[in-house]
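In what follows, a structure is listed as structure tokens, so that the remarks can point back to it.
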Amino acid sequence: MAVSDKINSVARRIPAWPIYALGLSYACWLFWLGVSDRLGAEPVKTLEHELGEMALYLLILGLMITPLRSHAKVNLIKFRRAIGVTCFFLVVLHLLTWAVLDVQQLDRVWADIVKRPYVTVGMAAFALLLPLAVTSNNLSVRRLGPAWRKLHVLVYPAVLLAGVHYLMLVKGFQIRPIVFLLIIAGLLALRARRIRGLLGF
């Protein structure tokens, strides 16, 4: 039996719901570390960055599922919705941590969105992810029909903006955000033909 067949056999027996539980547990664990003063000298900043980075990991993981099926014959499609919804949950917590615990004032939140480019880019990524989260249910899939797939093409610019947001907010030269962007660019290149087909180009 091929390795891909073994992986698919195991994947068929694993439900998707533990992904939601793991995402919630991770967020609760981070907040507990913050409350117990175990997130370093700047706990709010650390919490904010950890939530955002994990969300980016999940965005990239979700983007890898179709290429894995196409090129490696590994079928993890059943987990894609759970990964996407969990990712959005962490993005919302990342945003709330920044707005409520870090900035704390509504007028300053808006000022940061307008004046700070990395915040503007991050909010643009969030705005693109929002309709995907809202329509990530079976009812929306049925009602939107073929338009659902076209709408969910928004994940591609969203993940690219998320990678740029991460690169812009780090201080100094760091290799990790560059690696993230290279991985994202490679995954988008693999899906270029499919994206053009969905958009009718």
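Details
- One Cα centroid belongs to the range 78-127, the other to the range 135-161; the line between them spans 20 Å.
- Averaging the sequence gap over all C-alpha pairs within less than 8 Å and six or more residues apart, then dividing by the number of residues, gives the chain a relative contact order of 20 percent.
- Helix axis angle, 106-115 relative to the chain longest principal axis, alpha carbon, degrees: 70
- Mean Cβ count within 10 Å, highest first, over the residues of peptides 112-125, 180-193: 112-125, 180-193
- The fraction of accessible area contributed by carbon and sulfur in the chain is 68 percent, rounded to a whole number (1.4 Å probe; ligands and nucleic acids excluded).
- Convex hull volume per residue, computed on the Cα atoms of the range 118-160, equals 51 Å³.
- Nonlocal Lys pairs with alpha-carbon distance under 21 Å, the chain (8 or more apart, or different chains): 6
- Residues listed by number, the range 53-72, amide nitrogen under 17 Å from Met168 label point at 7 Å toward C-beta: 53, 56
- With Cα atoms, 0 to 90° folded angle of helix 17-35 axis to the chain main axis: 10
- Sorting the segments 171-178, 59-66, 128-135, 28-35 by their residues' average number of neighbouring beta-carbon atoms within 10 angstrom, most packed first, yields 59-66, 128-135, 28-35, 171-178.
- For the range 1-114, the fraction of C-alpha pairs farther apart than 19 angstrom is 56 percent.
- Helix 117-134 axis, angle to the chain major axis (alpha carbon atoms, nearest 10°): 40
- Computed over the chain, the per-residue total of -39500 (n - 2.57) for DSSP H runs of n ≥ 4 gives a 222 nm mean residue ellipticity of -25000 deg cm²/dmol, rounded to 500.
- Solvent-accessible surface of the range 1-157, taken per residue with a 1.4 Å probe and all protein chains present: 59 Å².
- The stretch between Gln105 and Trp17, if pulled fully straight at 0.36 nm per residue, gains 28.1 nm over its current Cα-Cα span.
The values are calculated or read from the model by the stated rules, or taken from the named source; none is laboratory data. Keep in mind that this is a model prediction, so the values were computed, not measured. Reconstructed Cβ throughout: ideal geometry from the backbone, glycine too, with neighbour counts over all protein chains shown. These accessible areas exclude ligands, DNA and RNA; they are computed on the full protein's heavy atoms, side chains included. Shrake-Rupley method; radii C 1.70, N 1.55, O 1.52, S 1.80 Å.
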